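Peer 1: Below is a structure I'd like to ask you about.
Please treat every number below as a calculation from the coordinates, not as lab data. Since the model is a prediction, treat every value here as computed from it, not as a measurement. In this analysis, Cβ positions are derived from the backbone assuming ideal geometry, glycine residues included, and neighbour counts consider all displayed protein chains.
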Amino acid sequence: MAAYCSDDRLSWIRRRLIDRGGPLCHACQRTIGVVADHDHFTGLCRGLLCWSCNLEIDVCPHLDGCPRAVYLNNPPALELRLRHPNAAKDRQHDHARIEYLGIDPVTPVRAWVRKI
């Protein structure tokens with residue numbers, strides 16, 4: 001087991017991601033991937049990222065044409081259907097946010113329709 005990884009499940013996921021897409025960052029393909037990236041809404045792993053891409057992946061403003069947009073539009077590990085161990089923690093944060101705000105700012109609000 002790698003020295004940086006203390007969670008057996010996360011180690012197993014990282015091994016599967018490396019088997020699927022190699023050890024380089026699945027977005028930029030320039031440095032070693034060290035972070036098992038996951039979609040915070042679905043909890044599913046998207047791929048293996050370097051530190052730089054992991055920090056910037058969710059704020060990529062491009063729809064197409066840059067490596068991060070290509071990665072987000074077609075996550076290399078999506079077919080593996082691996083659930084990230086922190087997915088439950090993300091869900092707890094979502095519930096806490098909703099409770100604090102009184103609404104879910106992510107879920108689209110149904111448009112008001114005037115009844116005649």
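Peer 1: What would the Debye formula give as log10 I(q)/I(0) at q = 0.23 Å⁻¹ for the alpha-carbon point model of segment 8-101, no solvent?
Peer 2: Cα-only, vacuum Debye calculation for segment 8-101: -1.16.
Peer 1: Placing unit charges on C-beta atoms (Lys and Arg positive, Asp and Glu negative, everything else neutral), compute the dipole magnitude of segment 8-101 about its Cα centre in debye, rounded to 20.
Peer 2: Numbers: 13 positive and 11 negative charges, 70 e Å.
In total the dipole reaches around 340 debye.
Peer 1: Now a separate question. To the nearest 0.05, how large is the calculated FRET efficiency for R30 and D8 if R₀ is 22 Å and r is the Cβ-Cβ distance? All intermediate terms of the calculation are to be shown ahead of the outcome.
Peer 2: On the way: r = 29 Å, r/R0 = 1.31.
For R0 = 22 Å, the calculated efficiency reads 0.15.
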